[in-house]
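The values are calculated or read from the model by the stated rules, or taken from the named source; none is laboratory data. Source: prediction; values computed, not measured. Cβ placement follows ideal geometry from the backbone for every residue including glycine, while neighbour counts extend to all protein chains displayed.
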Amino acid sequence: MVASLPLVLFPFCLIAAALSDARRFIIPNELCAALVIGFAIAAFLVGMDAATLGNHVLTAVIVLAAGFGLFCINVFGAGDGKLLAAIALWFGWPSFLACIVMVALFGGALSLAICYARMLARRAPSLSARFRPLATLAATETLKCPYGIAICIGTLLTFRRTPIFEALIAQVL
């Protein structure tokens, strides 16, 4: 029964991050910290060996460094990079590759949808007057994208194929 705790914590933190990013363009550090602590619990529960643990940690460190680089060139927000690093800790390599591909696909779709909504809002002011989020999009000059939404969707779609998920499920069932 204890093995179900990480299985509940992981999607809860991702969904909370996506909702926070959608509303305020902020992913709270507490959610990333909860994911790291949840991983530590999950790794202990499944009896993860040192080599596998090292793989997961190294993957997370590399993703954190890449996220910091993307933040420095203004591609990502800092929260997006930290969230991806916490997720990479759960996935390890090569499982994280499938996750990041899905995140990129959903991120591209989300960015295109926001661009289309912005164009629609500017060309149809009467529609913008009825839907406040469209008016907000029309008024902004920079393209801000709540990438936490794409991170959440891409991650949740690929998580069930990871070794740690399968090991936790085996303990619950």
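Pairs are defined by a Cβ separation below 9 Å, a sequence spacing of at least 6 or placement on different chains, a first member in the stretch 152-169 that is touching a residue at least 40 places away in the same chain (Cβ under 8 Å) and more than 15 Å from Phe39 (Cα to Cα), and a second member that is surrounded by fewer than 18 Cβ atoms within 10 Å (Cβ to Cβ) and of a type in the set (Val, Ile, Thr); the pairs so defined are Cys152/Ile15; Gly154/Val101; Leu156/Ile15; Thr158/Val101.
Screening Asn74 with (1) part of a helix (DSSP H, G or I); (2) within 18 Å of the chain's Cα centre (by Cα) gives one miss only, at (1).
Give me a count of the residues in the stretch 58-90 that are of a type outside the set (S, T, N, Q), more than 12 Å from Ile151 (Cβ to Cβ) and touching a helix residue (DSSP H, G or I) at 6+ places or on another chain (Cβ under 7 Å).
We begin by selecting, within the stretch 58-90, every residue of a type outside the set (S, T, N, Q); these are 58, 60-73, 75-90.
If we keep only those that are more than 12 Å from Ile151 (Cβ to Cβ) too, we end up with 58, 60-62, 64-66, 68-73, 75, 78, 89-90.
So of that shortlist, the ones also touching a helix residue (DSSP H, G or I) at 6+ places or on another chain (Cβ under 7 Å) come out as 60, 64, 68, 70-71, 78, 89-90.
Residues flagged as of a type outside the set (S, T, N, Q), more than 12 Å from Ile151 (Cβ to Cβ) and touching a helix residue (DSSP H, G or I) at 6+ places or on another chain (Cβ under 7 Å) within the stretch 58-90 amount to 8.
Entry remark, the stretch 155-173: residues being among the polar types (S, T, N, Q) and either in a loop (DSSP other than H, G, I, E, B) or over 12 Å from Trp90 (Cβ atoms) (or both) number 2 in total.
Working only within the stretch 16-35, note down all residues that are surrounded by fewer than 16 Cβ atoms within 10 Å (Cβ to Cβ) and assigned to a helix (DSSP H, G or I).
Within the stretch 16-35, Leu19, Ala22, Arg23, Arg24, Asn29, Glu30, Ala33 qualify.
Of everything listed in (1) surrounded by fewer than 16 Cβ atoms within 10 Å (Cβ to Cβ); (2) among the hydrophobic types (A, V, I, L, M, F, W, C); (3) at pLDDT below 95, the single unmet condition for Ala65 is (3).
Looking only at the stretch 81-92, decide whether some residue is surrounded by fewer than 16 Cβ atoms within 10 Å (Cβ to Cβ), assigned to a helix (DSSP H, G or I) and of a type in the set (A, V, I, L, M).
Applying the first criterion (surrounded by fewer than 16 Cβ atoms within 10 Å (Cβ to Cβ)) to the stretch 81-92 yields none.
Checked against the condition, which is being surrounded by fewer than 16 Cβ atoms within 10 Å (Cβ to Cβ), assigned to a helix (DSSP H, G or I) and of a type in the set (A, V, I, L, M), the stretch 81-92 yields no hits at all.
The residue pairs whose first member lies in the stretch 40-63 and is without any contact (Cβ under 8 Å) to a residue 12 or more places away in the chain and farther than 23 Å from Leu173 by Cβ, whose second member is surrounded by 14 or more Cβ atoms within 10 Å (Cβ to Cβ) and not hydrophobic (A, V, I, L, M, F, W, C), and whose beta carbons are closer than 9 Å, counting only pairs six or more residues apart or on different chains, are Leu53/Gly92. Among the residues making up the stretch 147-173, none is closer than 10 Å to Phe106 by Cα and loosely packed, with under 15 Cβ neighbours inside 10 Å.
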